[in-house]
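Engineer: Quick one: the structure is below, questions incoming.
The values are calculated or read from the model by the stated rules, or taken from the named source; none is laboratory data. Quantities reported herein were computed from a predicted structural model and do not represent experimental measurements. Cβ placement follows ideal geometry from the backbone for every residue including glycine, while neighbour counts extend to all protein chains displayed. Only protein heavy atoms, including side chains, enter the accessible area calculation; ligands, DNA and RNA are left aside. Shrake-Rupley method; radii C 1.70, N 1.55, O 1.52, S 1.80 Å.
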Amino acid sequence: MFARSAIATRSAAPTLKVAGQSRNMATLKEIQVRLKSVTNISKITASMKMIASTKTTRAQRAMNVARAYGQVSNDFVKQSGVEKAEGAKELLVVASSDKGLCGGIHSSLSRASRRYLAENAETPVVILGDKAKVQIQRAYANNIRYNFNQLGSTIPTFDETSAIASTILADKSIEFDNAKILYNQFVSAIAFETGSIESFPIAQIVEAPNFAAYEVQDEILENLNEFLFANNLHWALVEGHASEMAAKRTAMENATKNAGDMIQRLTLQYNRGRQAVITNELIDIITGASAL
């Protein structure tokens, strides 16, 4: 009877041992697969961070040039003494882009646009880029007059912004006295804020009290009108592009750091599981040797 009990006990033990090993091995294999995938993601985000760093440097150089031209044209408008008239019809221009993976830079711009439209529900909207369009059209789809896409992959050029400005000014169905351009203002490599640029038509600038001090021929007033509007658009787009590249670099840096932390946790978990398997096997071996 004792012999049968011993045989039955010894025959059941390997079954429990194999089941326990299979569970541990499956868990270790899952951890190993996940560790490999997170490591690959970390390599991708690190590469994207390096690319974004290079693009940020180029975008900042272009931003400094566009900002200088934009500030000069705005100083010209301010010194002419033009003021925004009460009850003037405004056009809202949202300078966004088509690209993502850059944190909340598009969301903050869309929130500022929705706050403005909540107070000015009849304002027509022109959106530059698809990212802001997706968020604005949920509540204000009827306000959108134009949406220009394929922006943000490279540094915006003045030819592109001139074509956009010409399209907007040539459309007589859009009636506005001045334009308000919302864009992402570059503060530093790790910070940005939503800014705005006021663009006035040449008809208001000519009637300004101090405009007579400038010697401007009547033949070039129409060209000046388009140039001022296009210059402000170019400033907003280029500075927004620099902010986007800086935000993308920060986002990829944070993603790489988070992936590194996850790799450390998974490695520790894998080592603990592997050590537990080895310990259980040693216990089984010692127990079997003691029973002989």
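Engineer: Which residue is surrounded by the fewest Cβ atoms within 10 Å (Cβ to Cβ), if the candidates are limited to region 122-135 and must be touching a strand residue (DSSP E or B) at 6+ places or on another chain (Cβ under 9 Å) and farther than 30 Å from residue 51 by Cα?
Structural biologist: From region 122-135, those touching a strand residue (DSSP E or B) at 6+ places or on another chain (Cβ under 9 Å) are 123-130, 132-133; that's our starting set.
Next, only the ones that are farther than 30 Å from residue 51 by Cα stay: 123-126.
Working: 123: 17, 124: 21, 125: 24, 126: 24.
My answer is 123.
Engineer: Then there's this: Name, by its number, the condition in (1) within 14 Å of residue 77 (Cβ to Cβ); (2) of a type in the set (S, T, N, Q); (3) free of Cβ contacts under 8 Å to residues at least 12 places away in the same chain that does not hold for residue 199.
Structural biologist: (3)
Engineer: Can you confirm whether residue 282 is open to solvent by less than 80 Å² (accessible area, probe 1.4 Å) and either assigned to a helix (DSSP H, G or I) or not aliphatic (A, V, I, L, M) (or both)?
Structural biologist: Details: open to solvent by less than 80 Å² (accessible area, probe 1.4 Å): no; either assigned to a helix (DSSP H, G or I) or not aliphatic (A, V, I, L, M) (or both): yes.
For residue 282, the condition - open to solvent by less than 80 Å² (accessible area, probe 1.4 Å) and either assigned to a helix (DSSP H, G or I) or not aliphatic (A, V, I, L, M) (or both) - is not met.
Engineer: Can you spot a residue in region 192-201 that is over 22 Å from residue 107 (Cα atoms) and more than 28 Å from the chain's Cα centre (by Cα)?
Structural biologist: Within region 192-201 (the criterion being over 22 Å from residue 107 (Cα atoms) and more than 28 Å from the chain's Cα centre (by Cα)), the answer is yes, since at least one residue qualifies.
Engineer: Further, regarding this structure: Can you name the condition, by its number, that residue 100 falls short on among (1) surrounded by 15 or more Cβ atoms within 10 Å (Cβ to Cβ); (2) among the small types (Gly, Ala, Ser); (3) under 21 Å from residue 240 (Cβ atoms)?
Structural biologist: The number of the failed condition is (1).
Engineer: Within region 265-279, can one find any residue that is part of a helix (DSSP H, G or I), in contact with a strand residue (DSSP E or B) (Cβ under 8 Å, 6 or more places away or on another chain), within 30 Å of residue 102 (Cβ to Cβ) and in contact (Cβ under 8 Å) with a residue 12 or more places away in the chain?
Structural biologist: No, region 265-279 has no match at all.
Engineer: Do any residues in region 244-259 that are within 22 Å of residue 34 (Cβ to Cβ) and in contact (Cβ under 8 Å) with a residue 24 or more places away in the chain have Cβ atoms under 8 Å from those of residues that are small (Gly, Ala, Ser) and open to solvent by 10 Å² or more (accessible area, probe 1.4 Å), where the two are at least six apart or on different chains, and which pairs are they?
Structural biologist: Qualifying pairs under 8 Å: 252/46; 256/42; 256/46; 259/42.
Engineer: Moving on to the next point. Would you mention how many residues in region 42-88 are in a helix (DSSP H, G or I), basic (Lys, Arg) and under 30 Å from residue 205 (Cα atoms)?
Structural biologist: 2
Engineer: Among the residues of region 169-195, write down those that are more than 20 Å from residue 92 (Cα to Cα), among the small types (Gly, Ala, Ser) and part of a strand (DSSP E or B).
Structural biologist: 188, 191
Engineer: Same structure, new question: So, in region 79-97, how many residues would count as being surrounded by 15 or more Cβ atoms within 10 Å (Cβ to Cβ) and either touching a strand residue (DSSP E or B) at 6+ places or on another chain (Cβ under 7 Å) or more than 26 Å from residue 173 (Cα to Cα) (or both)?
Structural biologist: Matching residues across region 79-97 total 8.
Engineer: Given (1) out of contact with any helix residue (DSSP H, G or I) (no Cβ under 9 Å at 6 or more places or on another chain); (2) surrounded by 15 or more Cβ atoms within 10 Å (Cβ to Cβ), identify the lone condition not met by residue 119.
Structural biologist: (2)
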